[in-house]
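Asker: Just passing along the structure, written as structure tokens.
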Amino acid sequence: MQRLLYIIQKEFIQIFRNKAMLPMMTVVPIVQLIILSYAASNEVKDVRLAIVNEDHTASARLLIQKIEAADRFILVDFPASVAQGDEMLQTGEVDIVLTIPSQFEEHFYRDKKGNIQLLVNAINGQQASVGAAYLNIIIQSFNQELRSDLKMVSKGGLSPALINTPSSNWYNPDLNFKYFMAPGILGELVTILVMLLTAMNVVREREIGTIEQINVTPIKKWQFILGKLIPFLGIGLVLMTVGLTAAKLLFDIPMQGSLWIIFAYCVVNLSAVLGLGLFISNLSDTQQQALFTTFFFVIIFILMSGLFTPIESMPKWAQYLTIPNPIAHFVSVMRSVLLKGSNFWDVIYHFRVTVVLAVLFNTLAVLSYRKVE
Amino acid sequence: MIKIFIAFVRKELYHILRDPRTLAILFGMPVALVLIFGYTVTNEFKDASVAILNEANDELSYQLIEHLTASGNLKLVTTVNTTAELEQAFRANEVKMGIVIPAGFEDDFFGQRKADVQLIADATEPNYATTLTSYAQQMIATFQQNKNGSSGARPYLVSTETRMFYNPQLEGAYNFVPGTVALILMLICAMMTSLTIAKEKETGTMDLLLVSPLPPIIIILGKVTPYAVLSFIDAIIILFLGYYLFDVPVRGSLVLLLALVLLYLLVALALGVLISTKAPTQQVAMMTSMFTLLMPTMLLSGFLFPIASMPHLLQYISRIIPAKYFIQIEQAIMLKAAGWDAVAFPTLILFIMLIVLLTGAWRNFQVVYK
């Protein structure tokens, strides 16, 4: 026990002595959390729009007014011809060109059919379809308005049967993206930081030669591994606390569930990640190798964690691959507990899987550590 | 001098290629990224899990449920009896949406000619909730049209004809292939170089190199050239995979594209060298490149998230991210078949960035080693 305490003490001294690393471990992740939570939004707003108006009637003006009133669009220009609109699309000046063709109003009243064209820059497919969908919603309500004007004039017959679909958004009624992103990003940042630090740790000692000194001490393998684990676990927990506080103060993220579950899960998750980090470190000869191996995993972990895109949308085989991904579980637990108030039994699945991962990774770490080379 | 330089580059190249693990990552990473982006990272929804709270239990409600699940995009996971049960299902992450069919649905529909079906979405994930709700609304609208049949007069309709330019199929690949090239080049060029030079400093071998008869500039160039070559190959691999697996074309001039890949690559290398002149150890170099290069390149370049939706401050920051301009260039040449005039402006900016970064790196270098 005494030996274990000594090695933990040694690690802490080493961490605090390194003036360059301290801010890296504390300030940088928090700044990241803030920037990312603002940046990582899939919301589509400020869609730049050009309107080619060839009709110049009252109806056309009404539609333009409606679009101007919507805050999702920036009306850049009224080009004189479709060709000019095309060019603005080509140079990237606008995202969408809307054309109201000549005789639009006349066609609408005479043929009961008016046609409006949208030319959309669709390189980013998702943004394009969401932007076009917003525009279509405005056009539909414009259509309704024209129709209700007509109804006042002519009494219609029996109206067709109707299904109303009122919808409500639970847990995040304002559809605030920061509520969704901040908890997930925090989980991700804590995991990455801890994993990178541990992965580079043992191999660093080997690279600069201090491992030899540890090898000649009577310390046991498991003590050595534990001594490496505990300080980083501590750093992870501190970062978690600071991050949660920052997220609460800055974004007012809801904390519906118990923070005890969050921290309990954090300990389990970090133990797993630390084990993986140490395992990579033991297998690497240089810090560079360790770093790139970790990186390889981290990037795959992040992209397949459900942080930015939903896991449910992935193909089945990819969904199975998210099971051994600690970040995926962390993100899910953070969101469920903080936003929905899930209790321990709701997230027990994630606890179970992560405990298995922790045991597996740490066993590998202990087995792969060769004290005597 | 050239001969010595080539010999030095060759030595460094051997050094990298000798280590199978680094090699695997150098070439495995881009391939893995393209495959992950192509096959798994998608915002569309399939098989969204749905719970149904059917208080009606009449013929019409069963028809509606049948209609909703027939498309295959909504998967009926569970039937609940109360909203409390629905809430429980939400908390345990079993379902994403609840559809509530009220008692007397059929009578309401045919009798009062008006019925309410309520949609409750788990909005922790806002976009998913929105897409899911509007999809269900559309499905219900078509159900209603089917029920009403072709009876009733033709209404006054404004129809919209939408044409999706440059990417009519709305393929995600058209967006992620250019983005992945930008990301990988930054990752390998900038991070790898910043680490290699920092390593020489940390282990003390830099001083050895600097007292050798080789001028420092040759040493630095010799260290970075292999990574430039390797990442250029990576860029080609990504474009190749994008073309053959996901049909992402290069509609404009391939020569122009590759020339500008080279320019961006130099910017990334300059960044790497700049970081390594500052960082005393590999750990510091790694953390700096990770947080100042990798994350911003992924998140502020417009690759994953629309820049227009960010707060103004971040929009300003995005202007100093080289990847933003490089992605513009790639999209213009690859997808819009644009020529030189369309990419002149972002190219100029990248060029200015390169000059500024090189000057900065050179200054730092002289401060440290003179």
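Asker: Mind checking which residues of region A:167-182 are touching a Leu at 6+ places or on another chain (Cβ under 9 Å), within 9 Å of another protein chain (Cβ to nearest Cβ) and assigned to a helix (DSSP H, G or I)?
Answerer: Passing the criteria: A:179, A:180.
Asker: Looking only at residues that are more than 11 Å from chain A (Cβ to nearest Cβ) and of a type in the set (Asp, Glu) in region B:75-115, which one is least open to solvent (accessible area, probe 1.4 Å)?
Answerer: Taking the candidates together, the pick is B:85.
Residue by residue, here is whether (1) loosely packed, with under 14 Cβ neighbours inside 10 Å; (2) among the hydrophobic types (A, V, I, L, M, F, W, C); (3) modelled with pLDDT of 80 or more holds:
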| site | (1), (2), (3) |
| --- | --- |
| B:18 | yes, no, yes |
| B:21 | no, no, no |
| B:53 | no, yes, yes |
| B:60 | no, yes, yes |
| B:68 | no, yes, yes |
| B:71 | yes, no, no |
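Asker: Let me ask you something else. Inspect region B:189-198 for any residue being facing another protein chain (nearest Cβ under 7 Å) and over 30 Å from residue A:44 (Cα atoms) and give the result as yes or no. Outline the logic, then answer.
Answerer: Let us first name the residues in region B:189-198 that are facing another protein chain (nearest Cβ under 7 Å), namely B:195.
Filter again for over 30 Å from residue A:44 (Cα atoms), leaving B:195.
Taking every residue of region B:189-198 in turn, at least one turns out to be facing another protein chain (nearest Cβ under 7 Å) and over 30 Å from residue A:44 (Cα atoms).
Asker: Go through the residues of region A:212-229 one by one and say whether even a single one is modelled with pLDDT under 80, open to solvent by less than 60 Å² (accessible area, probe 1.4 Å) and at the interface with chain B (Cβ under 10 Å from one of its Cβ atoms).
Answerer: No.
Asker: Looking at (1) more than 8 Å from every other protein chain (Cβ to nearest Cβ); (2) of a type in the set (S, T, N, Q); (3) closer than 20 Å to residue B:189 by Cβ, which is the only condition residue B:282 fails?
Answerer: (1)
Asker: Additional query: Does residue A:72 satisfy being among the charged types (D, E, K, R), within 14 Å of chain B (Cβ to nearest Cβ), open to solvent by 60 Å² or more (accessible area, probe 1.4 Å) and touching a residue at least 60 places away in the same chain (Cβ under 8 Å)?
Answerer: On the way: among the charged types (D, E, K, R): yes; within 14 Å of chain B (Cβ to nearest Cβ): yes; open to solvent by 60 Å² or more (accessible area, probe 1.4 Å): yes; touching a residue at least 60 places away in the same chain (Cβ under 8 Å): yes.
So residue A:72 fits the description; yes.
Asker: Can you find a residue in region A:224-233 that is among the charged types (D, E, K, R), touching a residue at least 24 places away in the same chain (Cβ under 8 Å) and in a loop (DSSP other than H, G, I, E, B)? Walk me through it before giving the result.
Answerer: Filtering region A:224-233 down to residues among the charged types (D, E, K, R) leaves A:228.
Filter again for touching a residue at least 24 places away in the same chain (Cβ under 8 Å), leaving A:228.
The next check asks that each one be in a loop (DSSP other than H, G, I, E, B); those that pass are none.
The answer is no, given that none of the residues of region A:224-233 is among the charged types (D, E, K, R), touching a residue at least 24 places away in the same chain (Cβ under 8 Å) and in a loop (DSSP other than H, G, I, E, B).
Asker: Yes or no: residue B:4 within 23 Å of residue B:209 (Cα to Cα) and in contact with a helix residue (DSSP H, G or I) (Cβ under 9 Å, 6 or more places away or on another chain)? Show your work before the answer.
Answerer: Details: within 23 Å of residue B:209 (Cα to Cα): yes; in contact with a helix residue (DSSP H, G or I) (Cβ under 9 Å, 6 or more places away or on another chain): yes.
Yes, satisfied.
Asker: Then there is this: Looking at region A:1-19, which of the residues that are assigned to a loop (DSSP other than H, G, I, E, B) and closer than 18 Å to residue B:286 by Cα is farthest from the other protein chains (Cβ to nearest Cβ)? Quick ask: steps written out before the conclusion?
Answerer: Looking only at region A:1-19, we keep the residues that are assigned to a loop (DSSP other than H, G, I, E, B), and these are A:1, A:18-19.
Among the residues that remain, those that are also closer than 18 Å to residue B:286 by Cα are: A:18-19.
Numbers: A:18: 8, A:19: 10 Å.
Looking at the filtered set, the residue picked out is A:19.
Asker: A further question follows. Answer yes or no: is there a residue in region A:276-286 that is closer than 30 Å to residue B:194 by Cα, touching a Pro at 6+ places or on another chain (Cβ under 6 Å) and either away from every other protein chain (no Cβ under 14 Å) or not basic (Lys, Arg) (or both).
Answerer: Step one: of region A:276-286, the residues closer than 30 Å to residue B:194 by Cα are A:276-286.
Retained after the next criterion (residues that are touching a Pro at 6+ places or on another chain (Cβ under 6 Å)): none.
No, region A:276-286 contains no residue that is closer than 30 Å to residue B:194 by Cα, touching a Pro at 6+ places or on another chain (Cβ under 6 Å) and either away from every other protein chain (no Cβ under 14 Å) or not basic (Lys, Arg) (or both).
Asker: Determine whether residue B:171 is in contact (Cβ under 8 Å) with a residue 24 or more places away in the chain and in contact with an Asp or Glu (Cβ under 9 Å, 6 or more places away or on another chain).
Answerer: Values: in contact (Cβ under 8 Å) with a residue 24 or more places away in the chain: yes; in contact with an Asp or Glu (Cβ under 9 Å, 6 or more places away or on another chain): yes.
Judged against the criteria, residue B:171 is a match.
Asker: Does any residue of region B:309-319 turn out to be within 14 Å of another protein chain (Cβ to nearest Cβ) and in contact (Cβ under 8 Å) with a residue 60 or more places away in the chain?
Answerer: no
Asker: Could you list, in sequence order, the residues of region B:299-314 that are of a type outside the set (A, V, I, L, M) and open to solvent by less than 40 Å² (accessible area, probe 1.4 Å)?
Answerer: Pass one, region B:299-314, residues of a type outside the set (A, V, I, L, M): B:301-303, B:305-306, B:309, B:311-312.
Within region B:299-314, B:301, B:302, B:303, B:305, B:306, B:309 meet the criteria.
Asker: Might you check whether a residue that is in a loop (DSSP other than H, G, I, E, B), under 20 Å from residue A:48 (Cβ atoms), over 16 Å from the mean Cα position of the chain (by Cα) and facing chain A (nearest Cβ under 9 Å) occurs anywhere in region B:292-300?
Answerer: no
Asker: Identify all residues within region A:307-336 that are touching a residue at least 24 places away in the same chain (Cβ under 8 Å), within 9 Å of another protein chain (Cβ to nearest Cβ) and in contact with a helix residue (DSSP H, G or I) (Cβ under 7 Å, 6 or more places away or on another chain); write none if there are none.
Answerer: Our first condition is that a residue be touching a residue at least 24 places away in the same chain (Cβ under 8 Å); within region A:307-336, this holds for A:307-308, A:323-336.
Within this subset, residues satisfying the condition of being within 9 Å of another protein chain (Cβ to nearest Cβ) are A:308, A:332, A:335-336.
Once the filter is applied, which keeps residues that are touching a residue at least 24 places away in the same chain (Cβ under 8 Å), within 9 Å of another protein chain (Cβ to nearest Cβ) and in contact with a helix residue (DSSP H, G or I) (Cβ under 7 Å, 6 or more places away or on another chain), region A:307-336 yields A:332, A:335, A:336.
Asker: Can you list the helices (runs of 4 or more DSSP H) lying wholly within region A:20-124 that have 2 or more residues being closer than 30 Å to residue A:233 by Cα? Write out each step before concluding.
Answerer: Details: elements: A:21-39, A:58-69, A:82-90, A:104-111.
Where helices (runs of 4 or more DSSP H) fall fully within region A:20-124 and carry at least 2 residues being closer than 30 Å to residue A:233 by Cα, they are A:21-39.
Asker: Considering each residue of region B:334-370, count those that are β-branched (Val, Ile, Thr), at pLDDT 90 or above and more than 30 Å from residue B:207 (Cα to Cα), and give that number.
Answerer: Number satisfying all stated conditions: 3.
Asker: Considering (1) assigned to a helix (DSSP H, G or I); (2) closer than 18 Å to residue A:205 by Cα, say which one residue A:262 fails and leave the rest.
Answerer: Just one mismatch for residue A:262, condition (2).
Asker: Now for a separate question. Go through region B:321-348 and give me each residue that's surrounded by 13 or more Cβ atoms within 10 Å (Cβ to Cβ) and either away from chain A (no Cβ under 14 Å) or not in a helix (DSSP H, G or I) (or both).
Answerer: Hits for region B:321-348 are B:321, B:322, B:326, B:336, B:337, B:338, B:339, B:347.
Asker: Return yes or no: is residue B:136 modelled with pLDDT of 80 or more and out of contact with any Gly (no Cβ under 9 Å at 6 or more places or on another chain)?
Answerer: On the way: modelled with pLDDT of 80 or more: yes; out of contact with any Gly (no Cβ under 9 Å at 6 or more places or on another chain): yes.
In short, yes.
The values are calculated or read from the model by the stated rules, or taken from the named source; none is laboratory data. Just so it is clear, the structure is predicted and the values come from calculations on it, not from any experiment. Note that each Cβ is placed from the backbone with ideal geometry, even for glycine, and that neighbours are counted across all protein chains shown. The protein model used for the area step is the full one, side chains on, heavy atoms only, and it has no ligands, DNA or RNA in it. Shrake-Rupley method; radii C 1.70, N 1.55, O 1.52, S 1.80 Å.
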